[in-house]
Protein chains: 2
Amino acid sequence: MHPDLPSLNAFLKLLQQVPYLASKNLYRVTAHFLNMEPQRAEKFCQALLEAKQRITKCAICFSWQEVNYPCSWCSASARDQTVICVVESWQELIAIEKTGGYTGVYHVLGGAICPLEGIGPEQLTIEPLIERLNNETTELILATNQTPEGQATAAYIVSKIPNKQLLVSCLARGVPVGSSLEYIDRLTVYKALSERRPF
Amino acid sequence: MHPDLPSLNAFLKLLQQVPYLASKNLYRVTAHFLNMEPQRAEKFCQALLEAKQRITKCAICFSWQEVNYPCSWCSASARDQTVICVVESWQELIAIEKTGGYTGVYHVLGGAICPLEGIGPEQLTIEPLIERLNNETTELILATNQTPEGQATAAYIVSKIPNKQLLVSCLARGVPVGSSLEYIDRLTVYKALSERRPF
């Protein structure tokens, strides 16, 4: 790409694999790294490698957990351990956590079933989720994304739940807060209408 | 932010300073780094530190240049060394280069004059630019951004040019290709109208 800048090319190639750093942003981010003080770049690398070394996944909920630290959710006595919210990844967990409206625990699947990308149920943490369900579990909230893959994953999980009495719920579908019907896609309006609720 | 994940917090704090990685993107990018193979993270850090170590700025045009390599522009015999295009940063240089329509050389200012941010002419490479102008220079293209800062910088440069006979040009202002007047801001339409050209 830049014949006279081989080490820049090497870095660009790796940076390109980072999500959101396509085309235009890529050069701005590269300039950020090239312009920073060398010590700050070293600090950045240290922090990255230390995080990689120290952060693992909780053996119960599969969200991030630091070595020698308890899991922020599974070990929190203030959280309702009987309600489990199933999410595809950590980012969705954070999105739910940010609402401040959820006090139960989580289960991070690690993705969604997608045969085209070679992701089957075995690649996800569905088996540990099923094993995790016990008599104390009162509700399982399926908060996978509203995509074909996310919904197929939710359906698959439902089919695997042994206790058919367990309350299984999913997120409400409908018109996003602050938006007007005019600008929303047809299917969302249809779902909002067919799944309408008493005022 | 995440009391049980101190090394994640440390990494997040540094990642937050990278442009384009605000709020939502931040978590996705963090997940990308946490999910990658440890060897790949090390490779990323190596590439970054090597780029930091090997890439300096060309002493003439101040664009990136690798140690032991010639400057891609100043040392290119195929490029017209008598035409100098002044840009604020490397990203703008790349944007012009991508058009494939420019064969002269560049001068990277390293920003634009912005008194509010403490950036005066001395912080930029304006003095080396003026020194660079000689009798062989045929044209100076001022391609600073169409912002108050960019335009003030261009005006400042013009005031410092010793050779008043030198052809100094700036980029055309007007309606972007592919856009319709209806959606363009008033000032751009005004400029496009007042700076209209023969068809």
Legend entry - Binned Cα-Cα distances of the protein assembly as shown, short to long, each 20 Å bin given as a whole percent: 21, 41, 29, 8, 0
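Using Cα pairs under 8 angstrom and six or more residues apart, how large is the relative contact order of region B:1-95, in percent? The partial results should precede the final answer.
Details: 40 pairs, mean separation 10.6, N = 95.
Once divided by the residue count of region B:1-95, the mean separation gives 11 percent.
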Legend entry - Choice from B:137, B:99, B:153 showing the highest fluctuation, given a GNM over chain B with Cα pairs closer than 10 Å: B:99
Legend entry - For residue A:147, label point 7 Å along C-beta direction: distances to other copies, nm: 3.3
Inset, instruction - Give, as a single signed number, the net charge of other residues whose beta carbon lies under 13 Å from the beta carbon of residue B:189, with Lys and Arg counted +1 and Asp and Glu -1. - result: +1
Inset, instruction - Please list, in chain and number order, the residues 5+ apart from residue A:85 or on another chain whose amide H is under 5 Å from its amide H, with Hs placed from the backbone. - result: A:105, A:106, A:107, A:141
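Among B:67, A:177, B:168, which comes first, second and so on when ranked by fewest other beta-carbon atoms within 10 Å?
On the way: B:67 9, A:177 5, B:168 15.
The fewest-first ordering by Cβ neighbours comes to A:177, B:67, B:168.
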Legend entry - Most fluctuating residue given options A:112, A:155, A:143, as computed from a GNM of chain A linking Cα atoms under 10 Å: A:155
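What ranking of A:52, B:57 emerges when the number of other C-beta atoms within 10 Å of each C-beta is taken as an exposure proxy, fewest first? Please report the intermediate quantities before stating the final value.
Details: A:52 21, B:57 17.
Ascending number of Cβ neighbours within 10 Å: B:57, A:52.
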Inset, instruction - Find the relative contact order for chain A and round it to a whole percent, using C-alpha pairs within less than 8 Å whose residues are 6+ positions apart. - result: 13
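Please report, in debye to the nearest 20, how large the charge dipole of region B:30-159 is about its Cα centre when each Lys and Arg carries +1 at its beta carbon and each Asp and Glu carries -1 there.
Numbers: 8 positive and 15 negative charges, 77 e Å.
In debye, rounded to 20, region B:30-159 gives about 360.
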Legend entry - Whole-Hz couplings from phi, Karplus 6.51/-1.76/1.60, listed for region B:27-38; x for Gly and Pro: 5, 5, 5, 4, 4, 4, 5, 5, 7, 6, 4, x
Inset, instruction - Note down the net charge around residue B:45, summing +1 for each Lys or Arg and -1 for each Asp or Glu among other residues with Cβ under 12 Å from its Cβ. - result: +1
Inset, instruction - Select from region B:38-147 those GluC sites (Glu not before Pro) which occupy a DSSP coil region and have at most 13 other Cβ atoms within 10 Å, ordered by residue number. - result: B:136
Legend entry - Residue-averaged 222 nm ellipticity for chain B, from DSSP H runs of 4+ at -39500 (n - 2.57), nearest 500: -12000 deg cm²/dmol
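From the cross-link list B:57/B:98; B:57/B:191; B:164/B:191, which pairs have alpha carbons spaced over 28 Å apart? Please list the in-between numbers first.
On the way: B:57/B:98 20 Å; B:57/B:191 36 Å; B:164/B:191 26 Å.
Cα-Cα > 28 Å for B:57/B:191; rest within.
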Inset, instruction - Sort shortest first the distances from residue A:194 to its counterpart in every other copy, using label points 7 Å along the Cα-to-beta-carbon line, and give them in nm. - result: 5.7
Legend entry - GNM result for chain B, Cα springs below 10 Å: residue of B:163, B:25, B:134 fluctuating most strongly: B:25
Inset, instruction - Report, ordered by chain and residue number, the lysines lying within cross-link reach of residue B:52, taken as a straight Cα distance under 18 Å and ignoring same-chain residues fewer than 8 apart. - result: A:13, A:43, B:43
Inset, instruction - Give the cross-link partners of residue A:160 among the aspartates and glutamates, using a straight C-alpha distance below 14 Å as the criterion and excluding same-chain residues fewer than 8 apart. - result: A:122, A:127, A:131
Legend entry - Derived scalar couplings ³J(HN,Hα) [region A:59-74; Karplus, 6.51 cos²θ - 1.76 cosθ + 1.60; whole Hz; x for Gly, Pro]: 6, 9, 9, 6, 8, 5, 9, 8, 3, 6, 10, x, 5, 4, 10, 5
Inset, instruction - Only loop residues by DSSP count here, and only those with at most 15 other Cβ atoms within 10 Å; note down the trypsin sites (Lys or Arg not before Pro) in region A:111-199 that meet that. - result: A:164, A:173, A:196
Legend entry - Cα-Cα separations in region A:72-170 greater than 19 Å, expressed as whole percent: 38
Inset, instruction - Give me the angle, in degrees from 0 to 90, between the Cα long axis of helix B:6-15 and the longest principal axis of the Cα atoms of chain B, rounded to the nearest 10. - result: 10
Legend entry - Shape call, region A:6-56: gyration tensor on alpha carbons, a/c limit 1.5: oblate
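FYI, it's all coordinate maths here, none of it is from the lab. Quick caveat, the model's predicted, so the values are computed rather than measured. Every residue, glycine as well, gets a Cβ built from its backbone with ideal geometry; the counts of neighbours run over all protein chains shown.
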